[in-house]
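The values are calculated or read from the model by the stated rules, or taken from the named source; none is laboratory data. Keep in mind that this is a model prediction, so the values were computed, not measured. So basically every Cβ, Gly included, is an ideal-geometry build from the backbone, and we count neighbours across all protein chains shown. Calculation scope for accessible area: heavy atoms of the full protein, side chains included, ligands and nucleic acids excluded. Shrake-Rupley method; radii C 1.70, N 1.55, O 1.52, S 1.80 Å.
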Amino acid sequence: MPLILENLEKMYGDRLLFRSMHCAIGAGDKVGIVGPNGSGKTTLLRILAGTDDEYSGSVQVSGGDSLCFIDAVPVDPERTARQIVAEPFEHLRAQDARIRDLERLLSTTAETDDYLAELARQTEQFEAQGGYDYIVNMNKALSSLGFASEDLDRLAGTMSAGEISRLRLSRLVSDAKDIWLLDEPTNYLDIPGVQWLERQFKGLQATVLVASHDAWFLDQVCNKLLVIENGTLRLFGGGYTDYVRARDAEAADRARHDAELKREIERMRQYVEKYRYGTRASQAASREKAMERLKAKVQSEPVSTRKRVHVRLHNTGESGEIALRLEHVGKSYGDRAILSKANVTILSRQHVAILGRNGAGKSTLLGIAMGQIVPESGDIYWGPSVRYSFFPQNYTLFEKETAMEWIAARRPQMIISEIKGLLGSFGFSADQMDQQTGAMSSGEKQRLLLALLSTETANMIIMDEPTNFLDIQTRESLAATLRAFEGTVLFVSHDRTFIDAVADRIVFIERSKVSVLEGNYSANRQGLFSDRTIRTAQPRRTNVQDSAMSTRASHNRLVALEARVRLLERQIGDIEQQQFDLTKRLQEEGPAMQGADITSLSVHIHELQVRREELFEELAMAEERFLQASAS
């Protein structure tokens with residue numbers, strides 16, 4: 001057994017985080033770690049990785065097994081993505097670099113027999129050692145995880161936290177470990193990225209332990225679950241759906257058993273009351289003692305460490321037959337079409353999910369609909385009585401405000417007791433209500449946003465990836481609320497379980513084309529996200545001199561493409577600087593600003609984020625053109 005937990009107990013101060021009995025993880029097991037936010041999933045991973053030794057009990061890891069906690073893999077900020085991913089193949093990478101040098105020399109200087117001979121020799125050796133396979137697999141992984149070709153030569157120090165997280169995941173194809181530990185790896189992935197990760201896990205012979213709030217993902221890859229609930233760590237067989245069945249069956253059995261005990265207790269109580277003072281008083285006294293013993297066996301519901309979130313939305317009423325219509329909408333950036341003649345009609349009370357890869361134009365579509373982005377063509381029509389509330393993907397929170405102050409500033413009509421009641425219904429304890437938002441976890445910030453949303457009155461809800469960082473319980477509660485909402489819902493999400501639970505229609509964006517599909521994700525999954533992964537051309541075993549001539553002939557084309565890439569990189573850098581400056585201003589001056597100014601700045605930051613994603617999509621297209629030119 002690679003991993004055995006025996007009477008493991010972890011305390012956080014004087015509070016029990018979790019306690020386990022005997023849990024055994026076998027070789028090759030794929031184990032999901034599930035529990036509410038704050039229940040100790042990340043702490044458990046740190047214990048298993050050996051970076052947290054303040055616990056009681058024992059953790060046994062087989063002596064010969066190598067272990068990697070992906071989130072703890074050091075990333076050198078001075079190295080490029082290509083260098084980091086290729087670290088396990090340094091010898092092949094050095095040889096590949098020499099081959100690239102020789103190809104450049106042959107494309108810019110007169111041919112020499114020495115260059116051609118060395119290129120032929122190096123290429124043959126490289127192929128014999130599986131060099132081309134490693135490059136193809138590495139590039140396929142990085143492409144699936146949302147990295148374009150130009151990203152491979154970016155320094156890690158210039159990347160966001162999400163990009164670093166995705167970069168670490170690519171090590172699954174370049175490194176060999178016996179045990180992998182991962183903490184919520186799907187947070188920054190779109191659906192194709194999650195599907196790639198599922199395929200990687202299924203193909204691994206190694207043992208995997210992964211904390212996740214994605215129920216669909218857990219069902220796809222896990223044969224066991226470690227569940228942390230109410231301070232207890234237990235091991236279940238199967239995926240998340242299997243666990244839910246087992247949990248509900250246990251609860252039903254416990255309820256039936258408790259009902260039988262309560263009926264017996266009631267019979268005994270009646271006997272005691274009837275004979276307490278008569279000739280059978282001694283028997284009544286004995287029955288009373290037995291009754292108390294039975295009462296102790298009745299299992300009361302365990303006290304949850306965090307209240308279940310209850311999301312409530314207030315509907316203003318009907319919005320007319322059509323809530324929103326987009327006709328022949330087009331939007332491009334440079335020569336890159338984001339949306340092309342998009343036609344979308346959303347009727348009142350429909351629940352519509354917008355799906356697409358990262359950078360496909362989902363946020364652009366929302367921005368155009370809400371008037372934040374001006375399209376180059378087409379018309380947008382809103383129903384005359386539509387009143388919508390918007391839940392953004394990136395919302396600025398002031399680091400110096402507490403949760404109470406943050407709500408009070410945006411809902412000045414609410415009194416303190418109302419704000420406390422609101423935050424309490426979203427799982428905030430008294431201490432967390434006075435916690436500064438800058439110290440909150442991502443999940444807590446999302447719940448705070450949901451709390452604010454629940455105070456608005458609207459007949460249409462628009463949400464941009466609302467489930468990010470929410471635990472499964474909160475996702476289920478939000479899904480149930482949206483499903484029951486009698487108004488219109490329009491949302492972007494990569495959570496397939498959430499989409500299935502809420503949506504009755506899909507708006508799918510792929511290569512600037514917009515399709516409207518009836519039904520949820522499951523009803524349309526076969527036609528979504530067809531494989532268009534850019535494939536690196538395999539070198540053909542042809543005459544080396546012909547190859548050099550071809551490279552030289554396409555040199556000017558490659559130079560032009562490289563110039564285009566550099567221009568886009570500069571544009572992205574300018575946008576990121578603007579985002580930084582505006583966010584800093586909002587944090588420093590926000591508490592003194594008027595509400596309209598805060599909204600204007602927040603919208604501007606959102607627009608910059610949309611533009612940044614679109615520029616990255618343009619770079620992805622430049623990669624495709626570059627690879628085509630390289631292979632020609």
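If you go through segment 38-78, how many residues are open to solvent by 50 Å² or more (accessible area, probe 1.4 Å) and out of contact with any strand residue (DSSP E or B) (no Cβ under 7 Å at 6 or more places or on another chain)?
Within segment 38-78, residues that are open to solvent by 50 Å² or more (accessible area, probe 1.4 Å) and out of contact with any strand residue (DSSP E or B) (no Cβ under 7 Å at 6 or more places or on another chain) number 11.
Go through (1) at pLDDT 80 or above; (2) crowded, with 20+ Cβ neighbours inside 10 Å; (3) part of a helix (DSSP H, G or I) for Tyr188 and report which single condition fails.
Tallying (1) at pLDDT 80 or above; (2) crowded, with 20+ Cβ neighbours inside 10 Å; (3) part of a helix (DSSP H, G or I), Tyr188 fails exactly one: (3).
Return the total of residues in segment 167-185 being more than 16 Å from Ala49 (Cβ to Cβ) and modelled with pLDDT of 85 or more.
Adding up the residues that qualify gives 2.
Looking only at segment 141-157, count how many residues are outside any loop (DSSP other than H, G, I, E, B) and open to solvent by 30 Å² or more (accessible area, probe 1.4 Å).
Number satisfying all stated conditions: 5.
When only residues in segment 209-242 that are open to solvent by less than 10 Å² (accessible area, probe 1.4 Å) and farther than 21 Å from Arg46 by Cα count, which is farthest from the chain's Cα centre (by Cα)?
Gly239
Given the residues Asp101, Asp178, which is the only one that is open to solvent by 30 Å² or more (accessible area, probe 1.4 Å), touching a residue at least 24 places away in the same chain (Cβ under 8 Å) and not polar (S, T, N, Q)?
Asp178
State the number of residues belonging to segment 319-357 that are within 28 Å of Ile572 (Cβ to Cβ), in contact with a helix residue (DSSP H, G or I) (Cβ under 7 Å, 6 or more places away or on another chain) and either without any contact (Cβ under 8 Å) to a residue 40 or more places away in the chain or of a type outside the set (A, V, I, L, M) (or both).
6
Name the single residue that is most open to solvent (accessible area, probe 1.4 Å) among those in segment 450-476 being touching a helix residue (DSSP H, G or I) at 6+ places or on another chain (Cβ under 9 Å) and part of a helix (DSSP H, G or I).
Here the answer is Glu476.
Please go through (1) under 32 Å from the mean Cα position of the chain (by Cα); (2) open to solvent by less than 50 Å² (accessible area, probe 1.4 Å); (3) at pLDDT below 85; (4) not aromatic (Phe, Trp, Tyr) for Gly317 and return the number of the only condition it doesn't satisfy.
Going through the list (1) under 32 Å from the mean Cα position of the chain (by Cα); (2) open to solvent by less than 50 Å² (accessible area, probe 1.4 Å); (3) at pLDDT below 85; (4) not aromatic (Phe, Trp, Tyr), Gly317 breaks only (1).
Can you tell me which residue is surrounded by the most Cβ atoms within 10 Å (Cβ to Cβ) among those in segment 429-449 that are at pLDDT 80 or above and under 13 Å from Asp471 (Cα atoms)?
Ranking the qualifying residues of segment 429-449, first place goes to Arg447.
Got at least one residue in segment 211-226 being β-branched (Val, Ile, Thr) and in contact (Cβ under 8 Å) with a residue 60 or more places away in the chain?
yes
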